Amino acid sequence: MAFHLPERPRRLRQSPVHRALHQETQLRSSDLIYPMFLVEEQNLREPIESLPGQERFSVDRLPEKIEELLELGIGCINLFGSSSSKSPLAEAATDPEGVVPRALRMLKERYPALSLQTDIALDPYTDHGHDGVMINGQVDNDATLDVLQRMALCHAEAGADWVAPSDMMDGRVGAIRHFLDINGHSRVCILSYTAKYASCFYGPFRGALESASLDGLGDKLTYQMDPANRREALREARLDIAEGADALMVKPAGYYLDVLRDLREMSDLPLAAYQVSGEYAMIVSAAAAGWLPREAAILESLTAIKRAGADMILTYFAPEAATLLSKDA
Ligand code: PBG
C-alpha cells in the first residue's frame, strides 16, 4: 500500500545528515555560565551535600577548577560568596576583603580572559537569610538598594565584569547602574534577574550557601514573583530595560519556558536562564536511581532552555555538558 501524502515530515529525519541540516538549536559550551560557591577558609575544596557533584572552594583552591573550565571552553563563571559574620544590615556584603572581592582580584590577574559575574544579593550576609535588610520586621526596599549599590561597586573595583542582582528589590538595576557609572565603572554589565520566582526549586542552593534558614518558602514572597504569574514578568522586564539592564534573566528555567519566550519576544536584549539547584538535583537523583539517562537528560534540558529563547544558561551542569558537547563534535 502506498499513499500519496503532500507532506511527509519524516522525510527530513531519515539520516543523521538530514537531521543535522535542519536542526534549529545548537547548544555550545560558550553558552554556559558556571555558578560557583566560595568559602572563607584556606586550602579547602569540599563537596556540597545538597548538590552532589558540586563543591565549595576557598579562594586559593579556585584555580584548580578554573583551569578545567577554560579547557572545556567555558568562559564565564558566576560567583556566590559567604561570610561567617552575618548581621542584620549585611555589612560583610560590602567588605573589600570578603571572599568575592578576594577571588575577583586573584582571577582577574591570573585569568584575564575569564568573564567574571558576581551575585548581588544580601542573603549570604544577613543573619535572617533574606536578600535585603530588615527594618521593623520588613524587608526594606530602599535601605537595601543602598547596600546593593555599594556591594556592586565593591565587586566592580575588585574586577567583576558583570554584576547579577538576584534580590528582586524594586529599582535595583537603575540604582546600581547609576552608582557604577558615577564611580567610573560604566564598563561593568548588569545581568538582571528580571523574573525571579519564589520557587521551591532553590532548596538545595540554600544548603550550598549556608544561608540562614528561612522558615518556609512564604518568606521571600514579598519580593520574588508568584509562580502563577506570566504577565508580571513583562512588567519587570520593561522596568529593567528602562533602568539600563544589559541582559535579562528568568529563573528557574525549565518550568518557566513560556516566560523566557515572552521576554525573548518583547525585548532585543540578550536573555539568560538559570537552571537552578532543584532542577539539577532532579536530574542527578533520577539518573542515580536509574530512572533517567543522565547525559541525555542534561543535554535535552539545556537545549530546551536555549530553544525557548535563552542566549546564555547558568547551570551546575556546565562542565559536564561542555564535556558531552566536545565528545559530540
Ligand atoms: C538568592 C539566590 C537564590 C538562588 C540564587 N540566588 C536562592 C533564593 O532566592 O533563595 C538560587 C539558585 C539555585 O537554586 O540554584 N539571592
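The values are calculated or read from the model by the stated rules, or taken from the named source; none is laboratory data. No experiment lies behind these values; they were computed from the predicted model shown. Because the Cβ atoms are built from the backbone with ideal geometry, glycine has one as well, and the counts that use them run over all protein chains shown. The protein model used for the area step is the full one, side chains on, heavy atoms only, and it has no ligands, DNA or RNA in it. Shrake-Rupley method; radii C 1.70, N 1.55, O 1.52, S 1.80 Å.
Can you work out ³J(HN,Hα) from phi for every residue in the stretch 107-116, in order, using Karplus 6.51 cos²θ - 1.76 cosθ + 1.60 and θ = phi - 60°, giving whole Hz and x for Gly and Pro?
5, 4, 6, 7, 10, x, 7, 6, 8, 10
Going by amide H atoms built from the backbone, whose H comes under 5 Å of the H on VAL276, apart from near neighbours?
ALA253, GLY254
Can you give the charge dipole size of the stretch 179-329 about its Cα centre, rounded to the nearest 20 debye, using +1 on the beta carbon of Lys and Arg and -1 on the beta carbon of Asp and Glu?
Working: 15 positive and 20 negative charges, 34 e Å.
It comes to approximately 160 debye.
Quick check for me: using +1 on Lys/Arg Cβ and -1 on Asp/Glu Cβ, what's the dipole size of the chain about its Cα centre, in debye to the nearest 20?
Details: 33 positive and 48 negative charges, 299 e Å.
Dipole of the chain, to the nearest 20 debye: 1440 debye.
Anyone know which of MET225, MET168, MET282 comes out most mobile in the 10 Å Cα GNM of the chain?
MET282
Taking H as built 1.01 Å from N, whose amide H comes closer than 5 Å to the amide H of TYR197, not counting residues under 5 places away?
Residues meeting the amide H criterion: MET225, LYS251.
When only DSSP loop residues count, what chymotrypsin sites (Phe, Trp or Tyr not before Pro) in the stretch 282-317 have their Cβ near at most 11 other Cβ atoms within 10 Å?
Values: sites: TRP291, TYR316, PHE317; in loops: TRP291, TYR316, PHE317.
For chymotrypsin sites (Phe, Trp or Tyr not before Pro) across the stretch 282-317 that sit outside H, G, I, E and B with at most 11 neighbouring Cβ atoms in 10 Å, the list reads TRP291.
HN-Hα J couplings of the stretch 152-159 from phi, Karplus 6.51/-1.76/1.60, θ = phi - 60°, integer Hz, Gly and Pro as x?
5, 5, 4, 6, 4, 5, 7, x
State the Cα centre-to-centre distance between the stretch 266-300 and the stretch 154-180 in whole Å.
27
List, in order, the whole-Hz ³J(HN,Hα) value for each residue of the stretch 43-49 obtained from phi through the Karplus relation with A = 6.51, B = -1.76, C = 1.60 and θ = phi - 60°; use x for Gly and Pro.
Working through the residues one at a time gives 6, 10, 9, 10, x, 9, 4 Hz.
Which whole-number value in Å² is the accessible area per residue of the stretch 264-329, probe 1.4 Å?
Working: 2810 Å² over 66 residues.
Heavy-atom SASA per residue in the stretch 264-329 reads 43 Å².
Pairs of lysines 8 or more apart, or on different chains, with alpha carbons under 24 Å: count those in the chain, would you?
Step by step, the pairs that qualify in the chain add up to 10.
Expressed as an acute angle from 0 to 90° and rounded to the nearest 10, what is the orientation of the C-alpha long axis of helix 62-71 relative to the principal long axis of the chain?
So the inclination is approximately 30 degrees.
Can you give the angle from 0 to 90° between the axis of helix 277-288 and the longest principal axis of the chain, with both taken from C-alpha atoms, to the nearest 10?
Result, in degrees: 50.
Going by Cα centres, the stretch 92-134 and the stretch 1-68 are how many Å apart?
Each part reduced to its Cα centre gives a spacing of 25 Å.
For GLU97, GLU49, give me the order by solvent-accessible area with a 1.4 Å probe, most accessible first, ignoring ligands, DNA and RNA. It would help to have the intermediate numbers written out before the result.
On the way: GLU97 110, GLU49 180 Å².
Most to least solvent-accessible, the answer reads GLU49, GLU97.
Where is the GNM fluctuation largest for the chain (alpha-carbon springs, 10 angstrom cutoff): GLN26, GLN14, GLN275?
Highest fluctuation of the listed residues: GLN14.
Ordering ARG13, ARG206 by accessible area with a probe of 1.4 Å, largest first, what comes out? Let's see the in-between values first.
Details: ARG13 130, ARG206 55 Å².
Descending accessible area places them as ARG13, ARG206.
Using r as the Cβ-Cβ distance of ALA296 and LEU70, and R0 as 25 Å, what FRET efficiency do you calculate, to the nearest 0.05? Intermediate results must be reported in sequence, preceding the final value.
On the way: r = 26 Å, r/R0 = 1.05.
About 0.45, to the nearest 0.05.
Residues with amide H under 5 Å of THR126's amide H, sequence separation 5 or more or different chain, H placed in the peptide plane at 1.01 Å from N; which?
Under 5 Å from the amide H of THR126 lie the amide H atoms of SER87, each far enough along the sequence or on another chain.
So what is the 222 nm mean residue ellipticity for the chain from helices alone, if each DSSP H run of at least 4 adds -39500 (n - 2.57) and you divide by all residues, rounding to the nearest 500 deg cm²/dmol? All intermediate terms of the calculation are to be shown ahead of the outcome.
Values: 11 runs with 125 residues, N = 329.
So the calculated ellipticity at 222 nm is -11500 deg cm²/dmol.
With every protein chain left in place and a probe of 1.4 Å, what is the accessible surface of MET134, to the nearest 10 Å²?
Solvent-accessible area, nearest 10 Å²: 60 Å².
Please report, in whole Å, how far the alpha carbons of the stretch 28-328 spread along each principal axis, starting with the longest.
Each principal axis gives a Cα extent; for the stretch 28-328 these are 50, 46, 38 Å.
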